[in-house]
Amino acid sequence: MADFINRDPRNPQFWDERFEKNFTPWDKGNVPADLQAFMQTRLQTTSQALNTLIPGCGNGYEAAFLAQAGWPVVAIDFSPAAVRSAQAVIGEWGKHVIEADFFAYTPEQPLGLIYERAFFCALPPAMRADIVKRLAALLPAGALLAGYFFFDDAPDPSLKGPPFTIRSAAFHELMSPYFVLLEERAVSDSIPVFAGKERWQVWQRL
Ligand SMILES: C[S@@+](CC[C@H](N)C(=O)[O-])C[C@H]1O[C@@H](n2cnc3c(N)ncnc32)[C@H](O)[C@@H]1O
């Protein structure tokens, strides 16, 4: 394993170093099945595209997938190396990926969807309340937050990360002032880092 200088995931250099050393064990390498199913269901039930933000997008496979389907999508990452990597990996769709900090970024048009994978769990537990507040501020009433969340309800969960697990009850407590849970299920195509602890969830902004 590579030796790392940066140990604080709140710092973009932490992620730069890992992308530059090609150490990205969270990277799935493709578009997860639940997002594909979510998109198919939307296409069957409504022709309305959702203006989408992907925070902490890494290599941005999902941005390419949504853009190819004609959805307006912006994927952001505060690590310049992550943005360079995404632009190399997803080619022409890389124009949908920009360098920006989730806590400072303001979308040009109102959002219909935030899609998340391995972003919430990448940041230390002390930041969780601020992440949820920012998600709530970015989404108008009725808009959706869909994606993958990393849980551990064992009596002695690991406190180490990233990725950091959260207890499902604690997550519900954080979310419930702003969101209602519409959909939830176990994930069948997790990569080893997340296997057995990852759940697909769709939340709606109150
Ligand atoms: C574990 S990686 C996940 C990447 C991608 N979502 C995936 O599923 O492969 C977490 C990403 O979040 C980005 N990130 C962390 N904090 C951020 C912030 N405040 N604003 C934007 N991106 C951030 C990191 O640079 C990193 O690329």
Exercise. Given the residues Trp26, Trp71, which is the only one that is within 18 Å of the chain's Cα centre (by Cα), without any contact (Cβ under 8 Å) to a residue 60 or more places away in the chain and surrounded by fewer than 22 Cβ atoms within 10 Å (Cβ to Cβ)?
Worked result: Trp71
For this session: Scan the strands (runs of 3 or more DSSP E) fully inside the stretch 92-163 and keep the ones with 1 or more residues being surrounded by fewer than 20 Cβ atoms within 10 Å (Cβ to Cβ) and modelled with pLDDT of 95 or more.
Result: 97-99
For this session: Confirm whether Glu173 is under 22 Å from Pro124 (Cβ atoms), surrounded by fewer than 13 Cβ atoms within 10 Å (Cβ to Cβ) and either in contact with a Pro (Cβ under 8 Å, 6 or more places away or on another chain) or not small (Gly, Ala, Ser) (or both).
Result: yes
Problem set entry | The one condition in (1) away from the ligand (no atom under 14 Å from the Cβ); (2) touching a residue at least 60 places away in the same chain (Cβ under 8 Å) that Leu138 fails to fulfil | (1)
Seminar exercise, completed: Checked against (1) farther than 27 Å from Leu50 by Cβ; (2) in contact with a strand residue (DSSP E or B) (Cβ under 9 Å, 6 or more places away or on another chain), Pro155 satisfies every condition except (2)
Exercise. Restricted to the stretch 57-71, and to residues that are assigned to a helix (DSSP H, G or I) and of a type in the set (Gly, Ala, Ser), which residue is farthest from the ligand (Cβ to nearest atom)?
Worked result: Ala67
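The values are calculated or read from the model by the stated rules, or taken from the named source; none is laboratory data. Since the model is a prediction, treat every value here as computed from it, not as a measurement. When we count neighbours, we look across all protein chains shown, and the Cβ atoms used for this are built from the backbone with ideal geometry, even at glycine.
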